[in-house]
1. How are the alpha carbon pair distances in the chain distributed across 10 Å bins from zero to the largest one, expressed in percent?
2. Give me the percent of Cα-Cα pairs in region 67-133 that sit more than 19 Å apart, rounded to a whole number.
3. Rounded to the nearest 5, what % of DSSP beta bridges with both residues in the chain are antiparallel?
4. Return the inverse of the average 1/r over all pairs of distinct C-alpha atoms in region 1-131, which is the Kirkwood hydrodynamic radius, in Å to one decimal.
5. So which helices of the chain fit the span-like rule, where a helix is a whole DSSP H run, its Cα atoms reach 30 Å or more along the axis, and its mean Kyte-Doolittle is at least 1.6?
6. Sequence gap at least 6, Cα distance under 8 Å: using those rules, report the relative contact order of the chain to the nearest whole percent.
7. Excluding residues on the same chain fewer than 8 positions from Lys218, give the aspartates and glutamates whose Cα lies under 20 Å from its Cα.
8. Among Tyr209, Ala176, Gly263, pick out the residue whose Cα is farthest towards the positive end of the charge dipole of region 131-270, where Lys and Arg carry +1 and Asp and Glu carry -1 on C-beta, about the Cα centre.
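Values in this text are rule-based calculations from the coordinates and carry no lab data. The structure presented is a predicted model; accordingly, all values stated were derived computationally and were not measured. Don't worry about glycine lacking a Cβ; one is built from the backbone with ideal geometry, like all the others, and counts go over all protein chains shown.
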Amino acid sequence: MSKSTINTFQLFEVFPDEQTARTYLEGRLWAHGVKCPSCKSSDRITIRKGGLYRCNSCKLDFTVRTGTMFERSHVPLHKWLYAMYLLVTARKGISSMPLAKEIGITQKSAWFVLHRLREACNDENSKLSGLVEIDETFIGGKESNKHERDKPKAGRGAVGKCPVLGMRERGGETLAMPIENSSMEEIQSAIHARVEVGSTLLTDEHAAYNDMDGLFFKQERVNHSAGEYVRGIAGTNSVESVWAVLKRGLHGVYHHASVKHLGRYVDEFAFRLNAGNVKRHTLERLNSLVDAVAGKRITYKELTA
C-alpha cells in the first residue's frame, strides 16, 4: 500500500468516536487556543462539559462546530470526518446514496453533508500566474436523451447545457467555475478576475480569447480545428484533462447535477486536484478540507430555496 495514504480501517483507529474527532478538530481549528467564533476573544473562555465553552466577554456558549459547516448538524463528528475522507480520496466523488449506507444516516442527510462540504471547497480568492491554460466545456445531457418537454428545441451542440470555464496553472492549481455564457465579455471578465497581470495565457482558437495578447497578458494559441494541439509551450491538454475527470464523475457517479448546484460540484473536483491532490498524504488532504470549513456555512433552506 502507498505510504501517502491510509485505509478506512486505519482512519477508524485514529478517529473511533465523537470524542477523538472533536479533539482533532479543536486542535486543527483552534491551533493557537480556544477562540470565540463571535468576538474572536481567547482570553476569557470557560471550559464546560462535553466540548462546550463559554465566552465571558460576549456571553456566547459555543463548541468547535459553531461557525463551521458542522453547526446545527446532528451527525456525529467522527462520521463527518469519514465523509470528508471519502470526499478527498474518491477520485470521481461519492454520491449521497452510498455515503448514507457507509456512515448510517439517511440519504437526505448525506446529501446535505456532501453539499456542505462542497461549499467549503469553494476558493473565491486565489489567483493563477505564470503559464495558465484556459478552456471551456459544456455540462448537460444529450438532447436525444431528454424528455420531449425538456428539450429547448433551439439547435444543436451546446444548446441546453451550462458552460464551465477552467484555468490551470502549469505546475500549479486549477480553478473552474460555471459561467452565464461563453461570450467574450463573460470569459475575459473571469480571466481578469482570476489570473495575475503579466501571465501567459494558453488557449485555443475560440473567438472569446481574441485580443488577450497585449497590455495585461501574453498569449499563445493552438488551432484545434486545423488539427493542432501542441506548439511549443502552447496547448490546453492539461486543463482538458480536468474536464475528463469532471465529466466521468458527473456522469458515472452523480448522473445529474442541476445548474443550481453545478458550481459546488465543480468546486469539489477542483479541490481534489489542488489541496486534495493524491501526491499529498491522506491526512494532509483531510487537514486541508478541515481548514476550509471554518467560517463557512450553508443551511438546508438555502440549498433547497
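1. 6, 23, 29, 23, 14, 5, 1
2. 37
3. Among the beta bridges of the chain, antiparallel pairing accounts for roughly 70 percent.
4. Numbers: mean 1/r = 0.0599 Å⁻¹.
So the Kirkwood estimate lands at 16.7 Å.
5. Correct list, ordered by number: empty.
6. 22
7. Partners within reach: Glu133, Asp135, Glu136, Glu169, Glu173, Glu185, Glu186, Glu196, Asp204, Glu205, Glu228.
8. The one lying farthest along the dipole's positive direction is Gly263.
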